[in-house]
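Asks: I have a structure I would like to understand better, so I am pasting it below and will then ask my questions one at a time.
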Amino acid sequence: TCLDTILLGEIRACQRANRILDGKMNRCHIEDFESDPRLGLPLQELKAFHVTSLDRIQRIESKAMGTLVGISVAMPVLGGVSGLLGRNGALGGSSTALRTAAGTILILVMVYLLASGWLALRSYRIGTVYRPDMTDLEPIATSRHYAMVLVHSTVQNYRLASMRSNSLIVAFNCLRNGLVLVGLLSALIVIAALAAAPVSSDGCCGLLRG
């Protein structure tokens, strides 16, 4: 259905893309890079590429934290708006259809914000960051093996970053959609309050007259 596509379409697409990337990561082994042309590069350059991959993951994690901050700000606003839907709220005396529409929007906002928070938190837990360990260094291992580990770790980290980025993009879109609906709900409440306000003999709304 259209509603199913709106709510779950992006999440399902993200999961499909991440499953493909996860499969590639699981099938990727250090030995696969024995003939990789990048092994001819200086070790310092390979180290720099690896550090860049770690920086990218760090930036994505920072953006995920920003999304969670946005959700923490939106929830109190949502709580304040939802209070206006009660019996004594701005929509208390409105028609059943209007209150039903407002309630539906409120539920959608909650779904979007919860999905956004879940996806942002999940982006932290996707996969494992790849780094060489002590056994990959000389004299325990050869410099060629160390170079292979650097290339393997860099490739895997970029795939991991793509998986986390996919999840974060959907989280941000859910947050955006939730905030748009909060704005729509607020506008609906204002319109209902103006429509329910008494009109004076001079034709002015009581709310506008103060």
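The values are calculated or read from the model by the stated rules, or taken from the named source; none is laboratory data. None of these values were measured; they are calculated from a predicted model. Ideal geometry is used to build each Cβ from the backbone, glycine not excepted, and the neighbour counts take in all protein chains shown. For the accessible areas, the whole protein counts, side chains as well, though only heavy atoms, and no ligand, DNA or RNA atoms are used. Shrake-Rupley method; radii C 1.70, N 1.55, O 1.52, S 1.80 Å.
Asks: By accessible area of protein heavy atoms, probe 1.4 Å, what ranking do 181, 160 get, highest first? All intermediate terms of the calculation are to be shown ahead of the outcome.
Replies: Values: 181 30, 160 0 Å².
Accessible-area ranking of 181, 160, largest first: 181, 160.
Asks: By accessible area of protein heavy atoms, probe 1.4 Å, what ranking do 138, 34 get, highest first? Present the calculation step by step, with values, prior to reporting the outcome.
Replies: Working: 138 125, 34 100 Å².
The ordering from most to least exposed comes out as 138, 34.
Asks: Sort 161-172, 17-28 for me by packing, meaning the mean count of neighbouring Cβ atoms within 10 Å per residue, highest on top.
Replies: Values: 161-172: 21.6, 17-28: 13.3.
Ranking, from highest mean packing down: 161-172, 17-28.
Asks: Return one whole number: the accessible area per residue of region 35-189 in Å², for a 1.4 Å probe.
Replies: On the way: 8120 Å² over 155 residues.
So region 35-189 comes to 52 Å² accessible per residue, rounded to a whole number.
Asks: Whenever you get a sec, line up 45, 61 from highest to lowest accessible area (probe 1.4 Å, protein heavy atoms). Please report the intermediate quantities before stating the final value.
Replies: On the way: 45 75, 61 45 Å².
Sorted by accessible area, descending: 45, 61.
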